[in-house]
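The block underneath contains the structure these notes are about, expressed in structure tokens.
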Amino acid sequence: MDWKYRWKNGYRPSRDEAAKNPHLLDESQFENEQDRKIAEETTRKHLGVPAATLDEDQSILPHAASPNGKV
């Protein structure tokens, strides 16, 4: 299958690299940020990388209560 986008580093990343890197495609080939986001999502599907979630930056472990009772 021929891929229509240029890779950011000039080569197709492995699944591990793609999962760690937020941007896989060369930015100069897109006219706006919305087009780039759609292409990045499509690329992740093509590579078999799970889609990012809205809460992926949050810890999965519960946080301890602060001593003064405020969170």
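The values are calculated or read from the model by the stated rules, or taken from the named source; none is laboratory data. What you are looking at is a predicted structure, and each value in this text was computed from that prediction instead of being measured. Every residue, glycine among them, receives a Cβ derived from its backbone with ideal geometry; neighbour counts consider all protein chains shown. All accessible areas refer to the heavy atoms of the entire protein, side chains included, with ligands and DNA or RNA removed. Shrake-Rupley method; radii C 1.70, N 1.55, O 1.52, S 1.80 Å.
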Notebook entry, point to check: Is it fair to say Q29 is open to solvent by 80 Å² or more (accessible area, probe 1.4 Å), at pLDDT 90 or above and not aliphatic (A, V, I, L, M)?
Noted result: no
Next item on the list: Check V71 against each of (1) modelled with pLDDT of 90 or more; (2) surrounded by fewer than 12 Cβ atoms within 10 Å (Cβ to Cβ); (3) hydrophobic (A, V, I, L, M, F, W, C) and name the one condition it does not meet.
Entry: (1)
Next item on the list: Considering only the range 11-26, state which residues are part of a helix (DSSP H, G or I), open to solvent by 60 Å² or more (accessible area, probe 1.4 Å) and not basic (K, R).
Entry: D16, E17, A19
